[in-house]
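One structure is given here, and the rest of the page talks about it.
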Amino acid sequence: MERTPSEHVAPTVLKFGGTSVEDAAACGRVADIVRRHGGPRPVVVVSALAGVTDALLRCAWEGALRAFDPHLERHREIARRLLGPEASPAFLGELERARGELGGLVERIGREPALRAPLQDEIVSYGERLSAPLLAAALAAAGLPARHVDARRCIVTDETPGRATPDSDATAARTRAVLVPLLDGGTIPVLGGYIGASAGGVTTTLGRGGSDYTAALVGAALGAAEIQIWTDVSGVQTADPRVVRGARTIPSLSYAEAAELAYFGAKVLHPKTIQPAKDRGIPVRICNSRAPGDAGTLVSGAADVWPGTVKSIAHKSGITVVQISSARMLGAYGFLRALFEVFDRHELPVDVVATSEVSVSLTVDDADRLPAVVAELEALGDVQVQRRRAIICVVGEGLRTTPGIAARVFETIRDINVSLISQGASRVNLTFIVDEEHVEEAVRRLHTALLERAEAGPGVLARAPIRRAAGRREGTVDPVELARRLIDIPSVSGEEEAVARFLASHLEPLGYRVELLEAPPGRPGLVATTGAPPRLVFSTHLDTVPPHFASGEDDEYVYGRGACDAKGILAAQLAAAERLRGEGRNDLGLLFVVDEERGSVGARVANAHPVARECRWLIDGEPTENKLAVGCKGSLRVTLRAEGTGGHSAYPERGRSAIHLLLDALDDVRAIAWPTDEYFGDTTCNIGVIVGGTQANVIAPDARADLHIRLVTDQAPVRELLEGAVGSRARIEYLSFTPPVRLTAVPDFEQCVVGYTTDVPHLSNWGTPLLLGPGSIHDAHTARERIAKAELERGVELYVRLGRTLLAEPAPARRGKTAGARP
């Protein structure tokens with residue numbers, strides 16, 4: 001029979017982790033991802049729902065199903081929400097059968113605890129044995145031709161409990177025999193990861209995180225075009241983001257780099273995933289199922305060397321160092337073999353090894369088996385055990401051949417004791433050991449020194465120089481590329497220094513005189529001029545809301561934190577300024593400030609700068625969809641604090657709940673008829689944060705709510721209404737106030753009034769203000785922040801046209817006025 005074109009296409013393997021299928025909404029996203037990213041022949045591998053494997057392990061140890069019952073209900077809820085009337089009863093029946101089988105297994109352990117080890121794999125396998133058929137049914141209900149395949153029919157292993165080793169040849173043959181006919185028939189196979197079976201049919205597991213390994217084995221067997229690991233982060237990071245707030249996604253890694261990072265602490269990839277993919281030359285892509293538009297990290301055979309060499313700083317805590325010293329090593333052979341045979345007999349893996357003439361130091365991360373190992377090692381020499389250590393691994397292609405890296409590393413942490421160093425075994429890493437209490441500080445320092453102080457300036461992830469887009473005139477700025485460079489530098493409010501210093505290093509070669517505005521300390525904004533008094537200044541803010549996520553792009557959009565608010569705008573303004581300078585205009589400047597997303601501290605400080613008095617026009621940048629905003633609302637930030645009397649929750653009459661007081665007050669706040677204005681519209685009040693109490697069984701002694709009120713009038717009537725509604729139930733703290741502002745209109749520009757607040761009221765000394773910028777406020781602050789490339793380019797054109805118009809004026813027509821005066 002002649003094969004259809006799709007049968008000649010290599011399949012794509014998509015593996016989804018537990019958080020990617022944790023509830024009905026997540027499973028719905030998976031269906032969309034498979035449809036959009038799976039290509040014509042997708043294969044799906046899925047982990048157990050988040051938390052299920054841990055619950056099943058507790059069941060095995062407790063001899064009862066209590067820990068698993070809530071997760072059974074989660075499976076039922078997903079089935080009820082996503083499966084159709086035909087599929088739902090079938091799966092619910094399968095769920096009940098599984099519970100019965102699990103109950104029998106757990107009861108056997110309760111009667112005979114010695115059976116726990118041999119039955120544990122069988123018990124924990126039910127996580128994937130339930131998630132895979134559930135996801136297959138959900139995909140089918142979404143219109144995808146999916147079918148569940150029991151992974152035990154494909155993955156053949158030995159019978160080692162808890163961490164079975166696959167038989168690669170048998171697994172490849174079984175996988176092809178089971179899956180290829182389904183793929184040829186247009187079916188999407190859905191397999192549970194992590195589980196397999198021995199040749200004799202015994203259920204086995206591949207070790208925690210083994211679903212990645214399953215995906216790699218399946219991909220290698222099928223000669224996949226790509227293996228995609230879908231998790232809850234956007235790829236491999238330059239460091240653990242829980243330790244380094246400025247960590248960001250690494251666009252690409254070699255197989256060697258990824259293997260080192262996976263083994264030494266990068267949690268997004270199982271260490272064994274890389275080898276099967278490397279053997280077949282299959283790229284592995286790590287993606288975020290919560291942000292599928294993000295590019296993620298691509299792992300392949302390409303060994304690109306970054307400027308600065310280092311790509312990531314990984315670390316692994318909970319390490320024990322074992323040192324064996326013996327004069328018998330000197331000039332002898334067989335000593336190392338005898339030493340490592342001890343570890344082999346006890347099946348205790350070794351991470352890092354360093355040797356001298358008479359001693360060997362090595363590290364392990366499984367202290368439970370160590371006493372028996374040490375007892376045998378003492379026959380070989382003197383043994384010392386050092387606990388509570390941590391491994392730090394500096395990773396990057398070319399590390400071994402780049403001079404000065406080790407010197408920079410150890411100079412950066414010169415006051416932190418290093419107890420073991422290993423370099424040379426791999427071309428891509430430098431590994432060393434520190435005390436566990438110092439590891440996070442060391443990682444943060446190294447990230448700053450090696451990844452945030454690149455040639456382009458502190459905080460910049462090393463990338464190629466800014467390029468000109470095809471057809472762009474020499475000497476002009478590509479706003480798309482510059483936007484991506486800026487987006488990739490984290491600058492959430494409070495951490496703007498890196499992006500400010502990058503801009504300074506970028507503007508000075510263009511001929512700008514740059515002054516950093518250190519206000520508040522450690523958070524500089526900047527003023528840039530070209531020598532002539534600036535009649536016109538482009539301005540926007542450097543800070544973004546958290547969390548940071550790196551840039552990405554497709555044919556239509558640029559994505560990333562700050563794409564439209566306001567780094568894309570900054571790029572468009574700089575591109576426009578360069579266009580105007582190319583026309584001979586040097587009487588313009590740039591003002592980029594910090595803290596706009598909080599309290600406009602940067603703008604307040606910049607307002608006192610002497611250059612401000614020379615400026616006649618200020619074009620402030622915010623996402624206005626390229627319309628000229630002729631008005632923007634004000635802002636009043638407020639905190640309500642309620643205080644109660646704590647006590648035992650069983651006797652509510654003995655205490656007074658601060659949460660109840662606060663909720664009652666907030667109900668009345670929501671009912672306020674706030675002021676309206678025919679020009680600005682309605683006052684709005686957002687209750688953004690509510691926190692309080694200590695525990696569920698304790699009457700809450702305190703509670704807090706953070707409010708953000710968008711003003712269309714002065715603050716006085718709003719404060720009066722708020723205080724009347726809250727009364728004595730909570731204390732009101734007024735944090736910041738910005739009045740609404742009416743702005744200047746210019747003929748032939750589309751106009752709007754925006755509902756948000758800007759820095760404009762705090763820049764009153766900088767001439768007549770105008771407000772314009774590409775991008776939509778509806779995309780700002782979201783998990784998928786973006787800006788259209790065409791809109792970015794049009795923003796440049798509008799800034800240039802507006803600049804020409806204003807600079808042609810002999811004098812400013814008017815200053816911006818606060819609410820109360822008409823423009």
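The values are calculated or read from the model by the stated rules, or taken from the named source; none is laboratory data. Everything numeric here is computed off the predicted structure, so don't read it as measured data. Note that each Cβ is placed from the backbone with ideal geometry, even for glycine, and that neighbours are counted across all protein chains shown. Surface areas here come from the heavy atoms of the whole protein model, side chains and all, with no ligands, DNA or RNA. Shrake-Rupley method; radii C 1.70, N 1.55, O 1.52, S 1.80 Å.
Filter the stretch 705-755 for residues that are within 32 Å of the chain's Cα centre (by Cα) and crowded, with 16+ Cβ neighbours inside 10 Å and give the result. Even if it seems obvious, please write down each step before you answer.
Filtering the stretch 705-755 for residues within 32 Å of the chain's Cα centre (by Cα) gives 705-710, 735-736, 754-755.
Residues satisfying the conditions are 705, 706, 707, 708, 709, 710, 754.
Can you spot a residue in the stretch 133-141 that is buried (at least 23 other Cβ atoms within 10 Å of the Cβ), of a type in the set (Gly, Ala, Ser), in contact with a Pro (Cβ under 9 Å, 6 or more places away or on another chain) and in contact (Cβ under 8 Å) with a residue 24 or more places away in the chain?
Yes, that holds for at least one residue.
So, restricting to strands (runs of 3 or more DSSP E) that lie completely within the stretch 483-595, which ones have at least 3 residues that are closer than 27 Å to residue 791 by Cβ and modelled with pLDDT of 90 or more? Explain how you work it out, then say what you get.
Working: elements: 513-518, 524-529, 536-541, 557-559, 588-593.
So the answer is 524-529, 536-541, 557-559, 588-593.
Pairs only if they're at least six apart or on different chains, beta carbon under 6 angstrom, first in the stretch 713-736 and over 13 Å from residue 643 (Cα atoms), second among the basic types (Lys, Arg) and surrounded by 13 or more Cβ atoms within 10 Å (Cβ to Cβ); list them, first residue then second.
Here the result reads 735/637; 736/637, each pair linking the stretch 713-736 to a residue that is among the basic types (Lys, Arg) and surrounded by 13 or more Cβ atoms within 10 Å (Cβ to Cβ).
Please indicate, with yes or no, whether at least one residue in the stretch 678-685 is outside any helix (DSSP H, G or I), among the hydrophobic types (A, V, I, L, M, F, W, C) and surrounded by fewer than 15 Cβ atoms within 10 Å (Cβ to Cβ). First the steps, then the outcome.
Taking the stretch 678-685 and keeping what is outside any helix (DSSP H, G or I), we get 678-685.
Remaining after also requiring among the hydrophobic types (A, V, I, L, M, F, W, C): 680, 685.
In the following step, the residues that additionally are surrounded by fewer than 15 Cβ atoms within 10 Å (Cβ to Cβ) were identified as none.
No, there is no match, as no residue in the stretch 678-685 is outside any helix (DSSP H, G or I), among the hydrophobic types (A, V, I, L, M, F, W, C) and surrounded by fewer than 15 Cβ atoms within 10 Å (Cβ to Cβ).
Of everything in the stretch 773-804 that's part of a helix (DSSP H, G or I) and of a type in the set (A, V, I, L, M, F, W, C), which residue is most open to solvent (accessible area, probe 1.4 Å)? Even if it seems obvious, please write down each step before you answer.
Going through the stretch 773-804, the residues part of a helix (DSSP H, G or I) turn out to be 789-804.
Narrowing the set further to residues that are of a type in the set (A, V, I, L, M, F, W, C) leaves 790, 792, 796, 798, 800, 802.
On the way: 790: 78, 792: 0, 796: 7, 798: 5, 800: 1, 802: 0 Å².
The residue in question is 790.
Residue pairs, Cβ under 7 Å, 6 or more apart or interchain, first in the stretch 334-346 and free of Cβ contacts under 8 Å to residues at least 60 places away in the same chain, second open to solvent by 70 Å² or more (accessible area, probe 1.4 Å). List them.
Pairs that qualify, where the first residue is free of Cβ contacts under 8 Å to residues at least 60 places away in the same chain and the partner is open to solvent by 70 Å² or more (accessible area, probe 1.4 Å), are 335/328; 346/369.
Looking at the stretch 691-713, is at least one residue charged (D, E, K, R) and outside any strand (DSSP E or B)? Steps first, answer last, please.
Let us first name the residues in the stretch 691-713 that are charged (D, E, K, R), namely 702, 704, 706, 710.
With the extra rule that they be outside any strand (DSSP E or B), the set shrinks to none.
Checked the stretch 691-713: no residue is charged (D, E, K, R) and outside any strand (DSSP E or B).
Are there any helices (runs of 4 or more DSSP H) wholly within the stretch 210-312 with 1 or more residues that are over 30 Å from residue 173 (Cα atoms), touching a strand residue (DSSP E or B) at 6+ places or on another chain (Cβ under 8 Å) and in contact (Cβ under 8 Å) with a residue 40 or more places away in the chain, and if so which?
Numbers: elements: 210-222, 255-263, 274-280.
The qualifying helices (runs of 4 or more DSSP H) are 255-263.
Report yes if residue 622 is within 21 Å of residue 801 (Cβ to Cβ), in a loop (DSSP other than H, G, I, E, B) and touching a strand residue (DSSP E or B) at 6+ places or on another chain (Cβ under 7 Å), otherwise no. Step through it out loud before you land on a result.
Details: within 21 Å of residue 801 (Cβ to Cβ): yes; in a loop (DSSP other than H, G, I, E, B): yes; touching a strand residue (DSSP E or B) at 6+ places or on another chain (Cβ under 7 Å): yes.
Yes; evaluated as a whole, the condition is true for this residue.
Somewhere in the stretch 460-469, is a residue within 21 Å of residue 800 (Cα to Cα), outside any helix (DSSP H, G or I), at pLDDT below 50 and of a type in the set (Gly, Ala, Ser)?
yes
Of the residues that make up the stretch 157-173, is at least one under 20 Å from residue 133 (Cα atoms) and hydroxyl-bearing (Ser, Thr, Tyr)? Reasoning before the result, please.
So the first thing to find is which residues in the stretch 157-173 are under 20 Å from residue 133 (Cα atoms), and the list is none.
No.
Suppose we filter the stretch 318-345 for residues that are surrounded by 15 or more Cβ atoms within 10 Å (Cβ to Cβ), farther than 26 Å from residue 435 by Cα and not aliphatic (A, V, I, L, M); how many remain?
Residues meeting the conditions: 1.
What are the pairs with Cβ atoms under 7 angstrom where one residue, in the stretch 411-422, is farther than 25 Å from residue 324 by Cβ and the other, located anywhere, is basic (Lys, Arg) and open to solvent by 40 Å² or more (accessible area, probe 1.4 Å)? Sequence gap at least six, or different chains.
Between residues of the stretch 411-422 that are farther than 25 Å from residue 324 by Cβ and residues that are basic (Lys, Arg) and open to solvent by 40 Å² or more (accessible area, probe 1.4 Å), the close pairs are 412/445; 413/445.
Just checking, how many residues over the stretch 364-399 are polar (S, T, N, Q) and surrounded by 15 or more Cβ atoms within 10 Å (Cβ to Cβ)? Steps first, please.
First pass over the stretch 364-399, keeping only residues polar (S, T, N, Q): 384, 386.
If we keep only those that are surrounded by 15 or more Cβ atoms within 10 Å (Cβ to Cβ) as well, we get 386.
Of the residues in that region, 1 qualify.
Just checking, does the stretch 642-664 include any residue being of a type in the set (D, E, K, R), crowded, with 18+ Cβ neighbours inside 10 Å, in contact with a strand residue (DSSP E or B) (Cβ under 9 Å, 6 or more places away or on another chain) and not in a loop (DSSP other than H, G, I, E, B)?
Of the stretch 642-664, the ones of a type in the set (D, E, K, R) are 643, 653-654, 656, 664.
Checking the rest, the ones that are also crowded, with 18+ Cβ neighbours inside 10 Å come to none.
The answer is no; no qualifying residue exists.
Within the group 116, 147, 99, which residue is in contact with a strand residue (DSSP E or B) (Cβ under 9 Å, 6 or more places away or on another chain), at negative phi and touching a residue at least 24 places away in the same chain (Cβ under 8 Å)?
Answer to the check: 147.
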